[in-house]
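The values are calculated or read from the model by the stated rules, or taken from the named source; none is laboratory data. A quick note: this is a predicted structure, and the numbers were derived from the prediction, not measured. Glycine gets a Cβ as well: all are built from the backbone with ideal geometry, and neighbour counts include every protein chain shown. Ligands, DNA and RNA are stripped out before the accessible areas are found, and what is left, the full protein with its side chains, is counted by its heavy atoms. Shrake-Rupley method; radii C 1.70, N 1.55, O 1.52, S 1.80 Å.
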Amino acid sequence: MLEDAPVVAPLRLIPATEPAAAPAPPDAPVDQRPLPLKRPVHIALGLVAPAALLVLNMVRAAPLTIDDSYISFRYARNLAHGLGLVYNAGERIEGYTNFLWTLLMAAAIKLGLDPVVTAKLLGGAAALGALVVVWRLSERLLPFRWAPAMATWLLASSMGFAGYAVLGLETLLFTFLLLLGLWLLARELDAPERFPLSGIAYALAGLTRPEAPLFLGMAMLLLGKRMLARQNLIRAAIFAGVVGAHLLWRHSYYGAWLPNTFSAKTGDLHDQSIRGVEYVLGWVDKAGAVFWFALLGATLAVAKRNWLALTAGATALATVIYVIVVGGDWMPVFRFLVPFEPFAFLLVDYGLRSAFESRSRAVLVALTLFCVGTGLARERVDREQTLEILSTKHDWDQAAGSLVSWFEQTNRPGTVAIGDIGYVGWATDYPVLDILGLVDPVIARLPGGMFVKQGPQYLDYFFTRMPEYFILISSMGDCDHPFHPAIAAVYRDPQGRLKANYQVVQRLPLGTGGLGWCVYARKEQP
């Protein structure tokens, strides 16, 4: 038997099951219309086949481990080795935003496991789990009859979703927990006497990423008067208790209520918003018609007052606004929009399958053409984004990999001033002066947004610290054309302190693009 798949108004649940048909008289004509697809067929077409595609795409992306993941790995290694949850030994600075993920990596290291392999396996398992939950949510939105789930296919064909399952970050664990929380919450609304396990799922999401309250908040706001129901109050108490306890621990351990990364990445709302809008529009361009069909599903959700569809739409919209405000990020294939995609694709699924159930010949032809066209377009984007991921691996192997090899050959430990602190910091375990401020509270709190923490205070701090090494990324490979503002500020110091105290000791050209990494070493004092 299928589960009830209610279409939910804000104040009450409306069952979507149809009343049983009256028995036909013995002489009634036989109904020659085809029967809906059986459940095993729905499982095969809507879940198993997309899961196979998802695994294939994860395998394609698996060679890359994104640089930022090594930041969490270094925190985890220091914790496992008894140094505390710190990046540089003795410096209590929260330069990560994935507390639960970092703890899981620390546990893996403590057990003697490779955190890179562990992260990929956990991320892959979370991606498959998220696919299953999306299939179940799709069924709750509209019972499966003539058309299989489409959201699962859209998700499996997203290289952002598949890629970030295996690039070493917490993205897919976070996404899985959000989807699990919403599915549990929807089931709990059917039975108010149930204990709200959704509160635990959302609480774990809150330990994984700091923006989790946004997702639970959207779901709760659309409950209407149910917000004050006993079940929902327990749900909120669970979430607030777990996340609040972590907040108190953070303040007692790091002396701050927010992660240091918040200060490092923000500070110029205008610039962030411009970059954020460009980031979102880039995703829309790649998504093509899928985006517009998500709007169709959102319109249908409003018309039918379907709580689950409305929650998916509100969550997707809130996520887009959040991404715009924080300015997106630098990583390939739209990492920050990975949690947005399942909710948007559920709306597409809701709109398309609702239209399909009309059984109109014109609608069926149009939907068939859409599915074929969308499939071909997504396959093209899939190939492009796979190449982007593999190109990113090649570039980082040349840059960070070559720098680590040089440090290993010279074997002269010292503090390294660098912006790309991930793999270099992990592989060398040298002290790091993070010129972008992610693991440095002084630079993080300077005026300006990401990459533009500069000015006299920045320069005075840098040259007071006097790191043994300074890594300059040049756009020309000649060590004279700094690539981004924070590096350029040090290079063009009005007082000439870089040239007076440092000299170039190694040039690392990067392919044919003109980029190069230059190693400045502090001069020996006479």
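Key figures for this structure:
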read-out	value
Where a residue in region 223-243 is within 19 Å of L204 (Cβ to Cβ) and its partner, wherever it lies, is open to solvent by 60 Å² or more (accessible area, probe 1.4 Å) and part of a helix (DSSP H, G or I), with Cβ under 7 Å and at least six apart	N232/R226; I238/I200
Test: residue in region 425-441 that is acidic (D, E) and within 30 Å of L182 (Cβ to Cβ)	no
Among the candidates L258, L300, L248, residue that is among the aliphatic types (A, V, I, L, M) and either closer than 30 Å to W135 by Cα or open to solvent by less than 30 Å² (accessible area, probe 1.4 Å) (or both)	L300
Sole exception among (1) open to solvent by 40 Å² or more (accessible area, probe 1.4 Å); (2) touching a residue at least 60 places away in the same chain (Cβ under 8 Å); (3) among the basic types (K, R) for R383, by number	(2)
S475, sole failed condition from (1) at pLDDT 90 or above; (2) more than 13 Å from G419 (Cα to Cα)	(1)
Members of region 93-125 found to be open to solvent by 10 Å² or more (accessible area, probe 1.4 Å), among the polar types (S, T, N, Q) and not in a helix (DSSP H, G or I), listed by number	T97
Index of the failed condition, G267 passing every other in (1) open to solvent by 40 Å² or more (accessible area, probe 1.4 Å); (2) in contact with a Gly (Cβ under 6 Å, 6 or more places away or on another chain); (3) part of a helix (DSSP H, G or I)	(3)
Residue within region 83-92 that is assigned to a helix (DSSP H, G or I) and surrounded by 24 or more Cβ atoms within 10 Å (Cβ to Cβ) present	no
Considering residues of region 160-202 that are aromatic (F, W, Y) and under 18 Å from L223 (Cβ atoms) only, the residue least open to solvent (accessible area, probe 1.4 Å)	Y202
Test: A287 is of a type in the set (G, A, S), open to solvent by less than 20 Å² (accessible area, probe 1.4 Å) and farther than 24 Å from G217 by Cα	yes
Residue in region 176-186 that is within 13 Å of T311 (Cα to Cα), at pLDDT below 95, among the aromatic types (F, W, Y) and part of a helix (DSSP H, G or I) present	no
Candidates K110, K38, filtered to the one that is under 30 Å from A309 (Cα atoms) and either out of contact with any Lys or Arg (no Cβ under 7 Å at 6 or more places or on another chain) or not aromatic (F, W, Y) (or both)	K38
Top-ranked residue in region 227-245 [being of a type outside the set (A, V, I, L, M, F, W, C) and surrounded by fewer than 17 Cβ atoms within 10 Å (Cβ to Cβ); ranked as nearest to I321 (Cα to Cα)]	G244
Within region 306-362, tally of residues that are more than 30 Å from S69 (Cβ to Cβ), open to solvent by 30 Å² or more (accessible area, probe 1.4 Å) and at pLDDT 90 or above	1
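Listed here are the residues, each with its yes/no results for (1) touching a helix residue (DSSP H, G or I) at 6+ places or on another chain (Cβ under 7 Å); (2) surrounded by fewer than 15 Cβ atoms within 10 Å (Cβ to Cβ); (3) of a type in the set (V, I, T).
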| site | (1), (2), (3) |
| --- | --- |
| L433 | yes, no, no |
| A444 | yes, no, no |
| P447 | no, yes, no |
| F462 | yes, no, no |
| P467 | no, no, no |
| S474 | no, no, no |
| D480 | no, yes, no |
| I487 | no, no, yes |
| Q503 | no, yes, no |
